[in-house]
Ligand SMILES: O=c1ccn([C@@H]2O[C@H](COP(=O)(O)OP(=O)(O)O[C@H]3O[C@H](CO)[C@@H](O)[C@H](O)[C@H]3O)[C@@H](O)[C@H]2O)c(=O)[nH]1
Ligand SMILES: [Mn+2]
């Protein structure tokens, strides 16, 4: 999976792309392309999650005229995406915009061919370039650049260019049309709400397409919410979900969000926690600033607190039922052997010194007594558990009657999970293990 960030603000998005892929147990390698102006601190954060963080030069279409049709002059730099075709050590890749959030395992996308993508909701005979399957090739890369030089892009960004280059997408081969749920634009909420109500729960990847991004909102870590009322309720829940992913399983946490005295922009500052298993040298207490172009809001900045309140844990949007947890690919990170197959892009190569180990170390910090349940983790974040072999044998789960099962399931679905008891992490893990046997 490949994503791109040319600024620190988009790096926040890229981080969420990587984390959400890991949360859902991807077995593929993760690559972030960043431009030289992305700060070292942002790069270090990305390196904790991605297998590779690659420096690329900014390619800008400089096409102000066409970009003005979109009303998004900043999108000329999306030509930088084209660099993804140079990643020829991989045989196939999936590009994800930095403003996407992955909601389940989507590794099956690698079964598709170049160029597979979902329809753009503004013009469904065009594909949206927020999610697409491609085959790295220097030849294609060269042809794309030539095409850009000769014909430009009808929207000034990569989407116009890629649509005119892969111009037979609309009609030639329906298998190259990804279902819309692989690139669910949040603006579909406004354009076809009934369809969203009918199919929205099947969403696999959400795309915060448009000028307003999740990092433009200020999030309160005590309430686990952005300021209520800033957005439509459904959209607000997706943005809250994005922020929860941003803060999950990380050693670097935003501790303060306030307005810059001169520019009025919101700035997010975070500190790195000391690492227990140092992979790459990072200052133990490096302070960095991520600056995002958010309008100033009146919410108070909040102090970092990763352990979320139990009652706040309910994800109203896409609550995984226990059955879904069972059918979900578990995060393979700690179970997978560390063998690397970089050419094939198949095996998740992170070994125990990678981010997952750091996540575990972090979990240990907050959960001095593993095995007691209630690790403060999301139920689906199964793979990041402390090393299974070191855990004391968990208590056997009492057998539930059918009625109890249903009641339990209902409570779970309503967001009242019993994290300290039945839904303790150990029990969910056992269920996953049973399912995988
Ligand atoms: O300053 C920027 C702007 C964009 N990006 C990257 O380029 C992607 C596309 O930009 P984005 O703001 O996400 O554009 P969208 O609002 O999604 O707009 C649409 O139009 C763009 C231009 O054609 C396409 O790139 C998008 O895929 C398409 O969804 C981002 O996700 C980032 O990965 C940066 O790194 N820095
Ligand atoms: Mn986008």
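Bear in mind these aren't lab numbers, they're just calculated from the coordinates by the rules spelled out. Note that this is a predicted model, so its numbers are computed, not measured. Virtual Cβ from ideal backbone geometry, glycine too; neighbours counted across all protein chains shown.
Brief remarks on what is shown
- Kirkwood-based shape ratio for the stretch 1-92, expressed as Rg/Rh from alpha carbons: 1.00
- In terms of packing, defined here as the mean over residues of other Cβ atoms within 10 angstrom, the peptides 143-152, 75-84 line up highest first as 75-84, 143-152.
- Once the Cα-Cα distance is subtracted from the 0.36 nm per residue extended length, the residue 108 to residue 147 segment shows a gain of 11.0 nm.
- Gain on full stretching of the segment that runs from residue 167 to residue 400 - 0.36 nm per residue minus C-alpha separation: 78.2 nm
- Here each label is just a point 7 Å from Cα along the line to Cβ, and for residue 62 and residue 138 those points are 2.6 nm apart.
- Multiplying the residue separation of residue 125 and residue 40 by 0.36 nm and subtracting their alpha-carbon distance yields 26.6 nm.
- Rg followed by Dmax, in Å, when the stretch 2-213 is reduced to its Cα trace: 16.1, 45
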